[in-house]
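Readers should treat all values here as calculations from the given coordinates under stated rules, not as data from a laboratory. These figures come from a predicted structure and were not determined experimentally. Note that we place each Cβ from the backbone using ideal geometry, even for glycine, and neighbour counts take in every protein chain shown.
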Amino acid sequence: MSRPPMPGLPPPQPIALKERASILFVAMGQLDVIDGAFVLVDKGGVRTHIPIGGVACLMLEPGTRVSHAAAALAARAGTLLIWV
């Protein structure tokens with residue numbers, strides 16, 4: 001079964017790998033998806049938004065927890081998650 005096309009703009013194309021930031025180190029926090037955005041929440045509850053579509057690789061240092069939703073969003077955006 002095919003669905004009829006959605007009205008409006010077409011879905012955005014992913015950012016080319018050569019135009020992304022190469023790596024981003026993340027430590028001591030929880031990576032989660034909040035309101036559709038990739039967010040790092042630290043121990044004090046401070047939220048830091050990460051532009052996951054503009055980063056090629058996230059280096060996850062000890063003390064970082066990753067939710068299933070965050071891993072799925074990173075996979076859809078084409079961002080590699082590496083535990084170091």
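Numbers for the structure displayed
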item: Rel. contact order, % - alpha carbon contacts under 8 angstrom, at least six apart, the chain; result: 30 percent
item: Cut-off under 5 Å, modelled amide H: who pairs with Phe38 long-range; result: Ile50, Ile52
item: Value of Rg/Rh across segment 20-83 [Cα atoms, Kirkwood radius]; result: 0.92
item: On Cα atoms only, tilt of 68-77 relative to the major axis of the chain in degrees; result: 60 degrees
item: Net +/- balance of residues flanking Pro14 in space, Cβ distance below 11 Å, scoring K and R +1, D and E -1; result: +1
item: Gain in span if fully extended, Val84 to Arg3, counting 0.36 nm per residue against the direct Cα distance; result: 24.9 nm
item: Computed magnitude of the charge dipole of the chain (debye, nearest 20; Cβ of K, R +1, Cβ of D, E -1); result: 160 debye
